[in-house]
1. Which pairs do you get when a residue that is assigned by TED's automatic domain parsing to the domain that holds T33 and within 29 Å of K366 (Cα to Cα), found in the range 86-112, comes within reach of a residue that is charged (D, E, K, R) and not in a helix (DSSP H, G or I), reach meaning Cβ atoms under 7 angstrom, with the pair 6+ apart or on two chains?
2. Of all residues being part of a loop (DSSP other than H, G, I, E, B) and basic (K, R) in the range 441-500, which is nearest to the chain's Cα centre (by Cα)? Just the residue, please.
3. Do the conditions hold for Q167, that is, is it in the same structural domain as D318 (by TED's automatic domain parsing), over 21 Å from S317 (Cβ atoms) and surrounded by 19 or more Cβ atoms within 10 Å (Cβ to Cβ)?
4. Of the residues T40, T101, T92, which is more than 20 Å from the chain's Cα centre (by Cα) and surrounded by 15 or more Cβ atoms within 10 Å (Cβ to Cβ)?
5. I'd like to verify a number: residues in the range 205-220 that are small (G, A, S) and assigned to a loop (DSSP other than H, G, I, E, B), how many?
6. Suppose the filter is free of Cβ contacts under 8 Å to residues at least 40 places away in the same chain and either surrounded by 15 or more Cβ atoms within 10 Å (Cβ to Cβ) or part of a helix (DSSP H, G or I) (or both); does H24 pass it?
7. Please enumerate the residues belonging to the range 360-396 that are loosely packed, with under 14 Cβ neighbours inside 10 Å and touching a helix residue (DSSP H, G or I) at 6+ places or on another chain (Cβ under 7 Å).
Amino acid sequence: MTKNLLPGVVFQPSAQQTMQRGIHKLTSLISPTLGPVSRTVAHQKHNDIELLDKAALIARRMIELPNRHENVGAMYLRHMVWQLYEEHGDGTATAAVLFKTLYDEGLRSLTAGADAGKLRHYLEQALLVMLERLSSLTKPICTEAELQGIARSVCADEKLASLLGTQLSILGEFGKLELRNGGREHDWSFIEGNYWKGGVLSKRQLEGLPDARIELEDVGILATDFDLDDPRSLPPILKLALAKGFSKLVIVAKTASESVISFIKSPQLLAQIEVILVKQEGFSQAETSANQQDLCALLGGYPVVSLGAKTLPKVRSDDFGSARLVWADQHHAGFIGAKGDPVALASHVESLKTAFHASSDAKARKILRQRLNNLMGGAITLWLGGASKREMEQAKESAQQTEASLRSALEQGVIVGAGTAFLACRALLCAKAQDCLSFEEQQSYKILLKAIESPLRTMLENAGLEPAEVIEKLKYAKENTGFDIRTQTYVNVYVSGLLDVANVQKAALRYAVKSAALALTIEAVVFKKNPERRVNP
């Protein structure tokens, strides 16, 4: 067994020095992906080579460094990058570059005699000042061109970025966008009305139909959460539907037995009323109940709930909703010309939006966004092209990340991009640094003044440009001036569309500062024995 596998404790300064080397190694893999002229990292996966251009994915692939001392720093940074990705979906390369500079400069301050605890405190206080400044620079997104600018900052595929910018300008913050694999080129189509995942309860309902799809006009709809097991439970419902003037009926339910399917397909019944059974979306009772509320807000009527009962309760005539047209295939069911109360629908949508904006839980927000997607009316399907399945999957991953950034921009607003947002905090940090009462406070502002240049510096280096001259010129440039790396010109970022999502940039800064400040307080690293892995020191 090698010495590296023995348990032990490493104290400062050795712990910091080895952590720093690990941080540098992981950052050197991530930093090439930052900026409009980014590069890729090749990762050997079994007998194949995977080309990666996303910081979070690169970090995810880095499982362990051979040297366990360096591995502590690399895994600390990896954890921060992945947490940021899961919460915001972007900003990870920026955060990694900021973190590296903050940690490097922080170690210099500790070497000069700063107290780690005090330095952490003042860094976190200075962070609040920067976040407030960035909030003051945040503006609502207004045009399709601005959305396309955001898309291009996230997605290297120019056509895909342009399509997504255009589509989200049509759909807005909560409109429904479906991403599906297509042919060789990206394309899109518009779907009228509203539709849910689910589809018919049995493929037998689609037998003999063109394109395996059924359509009904002037339809009554009954939303339930029942398992339809007994055909004898249906005649009272069908009789009531006919009395209301519906010769076509959709029943939303959890499951249906084969005997029920045979009953609704029988010629005797079809001569009187045509019935479609579609799946109830949602796995838990809460999801099912939410879907029923949404359906009834859109279509009218009231949900028929089981409340533990095994048989359908008596259905009332006002339980039925209606739509001009209903369609269903194996996977989806859609409604065109929903005939619910528009005032009630608007009120329901507003309540969901309020809940969405008030929630900080990522899972709850995802569910609320999906519900709003279903209710907004009209949807766009983006068909993702590529020469191979892998290319299509990469395009889908890029489209998902870009869509998330665009929706965040619509929700939270945008900020000057091209690496200049943090530079806009420079004057404020300099002013604060002059009023410091302690060595650690002064050092915190100096550390941040160095760190805020690092994202732009890295972008310029990735493009093969000299950072010093560009950064110096931007110090004295007019407000909202940035450097367009693609054209190598100084531009107004709002006119040129060089914008970033405000909450993503603020999150990247927050994660980097808090994580680096905490890392500077680490006094020792404890290693445990690991007999299963033999690695070189």
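The values are calculated or read from the model by the stated rules, or taken from the named source; none is laboratory data. Just so it is clear, the model here is predicted, and its values are computed rather than measured. Heads up, the Cβs are rebuilt from the backbone with ideal geometry, glycines too, and the neighbour counts pull from every protein chain shown.
1. Once the first residue is assigned by TED's automatic domain parsing to the domain that holds T33 and within 29 Å of K366 (Cα to Cα) and sits in the range 86-112, no partner that is charged (D, E, K, R) and not in a helix (DSSP H, G or I) comes close enough.
2. R486
3. No.
4. Residue meeting the stated conditions: T101.
5. Number of matching residues: 1.
6. no
7. Correct list: A362 only.
The rows are residues; the columns are (1) of a type in the set (A, V, I, L, M); (2) in the same structural domain as A161 (by TED's automatic domain parsing); (3) within 30 Å of D230 (Cβ to Cβ).
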site: F320; (1), (2), (3): no, no, yes
site: A323; (1), (2), (3): yes, no, yes
site: A328; (1), (2), (3): yes, no, yes
site: F356; (1), (2), (3): no, no, no
site: S359; (1), (2), (3): no, no, no
site: I367; (1), (2), (3): yes, no, no
